């Protein structure tokens, strides 16, 4: 079943006054199928036929790389002139002016972006050349992401449509989400990745999981909530792709699991989130981002303990991160105690 399907005009007219969501002559298939079932029960034969057609179509994950194409055109044009004003104009016209919804979401509420991108582009010429050589890897990863999202839906049928965008940011983060938009920053992911395609695919699924999660109260979020929220994405991405977490925090965590857990327990109900889920150093441990590891281990313990794996996965994805007690209860039910059985 496609996430977005072009609906014939006569059907749009038939349902013109219905609750079906219509946008630019396209109808979100999730809503459309639900509405069709309702109308089928009321005796609309043509709807029954169209529902059968929709039910046999294939899920199409939405993955976009156009911002990368625009960036390289922009970079080449910027480096062809030394006129600062001209460089800014080129960035505005060729990159910012052609922004996808994903890039537009990234730019929202950010100031002085043209100047920042100008500085970013004109520095480290060799690094840019090395990155450009890896662009075929991005295209290969984008194709695989689509198949992995289809697999994700087989494991979790309630998966909601989301869009994945590969783009160039400012070298600050590998991935993030804005609503149902998953943003992946190639300049960060490909910079240090030993297996770049696998890393791109894994992170794409990780961020896609974020689009399915309930939003926490970021003003009040504690360490336990932050870590399970991130670790859940790693766990689900590993489950979907069949690949282990390939990150330094996982390597260190597996070797020092009890040490990490003992340090974690001292912080778990505090607001010291930067010690566990950011790139900042943790004064209690020699490796950053170990909250991802702890969260992953809690989710894995919960999943392994559950007889109904489909229900366990649903619980992991749909956990209410705005409810600290629900998160704490999830941890207790997992039975996780730092690797001790």
List the equivalent ellipsoid semi-axes of the range 96-165 in whole Å, largest first, each obtained as the square root of 5λ for an eigenvalue λ of the Cα gyration tensor.
31, 19, 8
Report the normalised scattering of the range 54-128 as log10 I(q)/I(0) at q = 0.13, 0.16, 0.19, 0.25 Å⁻¹, calculated by the Debye formula with identical scatterers on the alpha carbons.
-0.45, -0.61, -0.79, -1.22
At 0.36 nm per residue, minus the direct Cα-Cα distance, what do residue 93 and residue 125 gain on full extension? Give it in nm, one decimal, please.
9.3 nm
Taking a crude spin-label model, label points 7 Å out from Cα along the C-beta direction, the residue 257 to residue 220 distance in nm is 3.3 nm
Cα Rg, Dmax (largest Cα-Cα span) when computed across the range 184-341, Å:
14.7, 41
Take peptides 307-320, 216-229 and line them up by average Cβ neighbours within 10 Å, highest first, as a rough protection proxy.
216-229, 307-320
What's the extension gain from residue 132 to residue 151 if we count 0.36 nm per residue and subtract their Cα-Cα distance?
3.9 nm
Which translational diffusion coefficient, to the nearest whole µm²/s, is obtained for the range 268-319 from the Stokes-Einstein equation, given a Kirkwood hydrodynamic radius over C-alpha pairs, 37 °C and 0.692 mPa s?
264 µm²/s
Computed E for residue 305/residue 107 - FRET, C-beta separation, R0 35 angstrom, nearest 0.05
0.20
Please compute the contact order of the range 227-341 in relative form: average sequence separation of alpha-carbon pairs under 8 Å and at least six residues apart, divided by the residue count, as a percent.
34 percent
Give the whole-number value, in cubic angstrom per residue, of the convex hull volume spanned by the C-alpha atoms of the range 61-211.
96 Å³
Highest average packing first - 294-301, 137-144, Cβ atoms within 10 Å:
294-301, 137-144
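Computed from the coordinates by the stated procedures, all read-outs in this text should not be read as laboratory data. No experiment lies behind these values; they were computed from the predicted model shown. Every residue, glycine among them, receives a Cβ derived from its backbone with ideal geometry; neighbour counts consider all protein chains shown.
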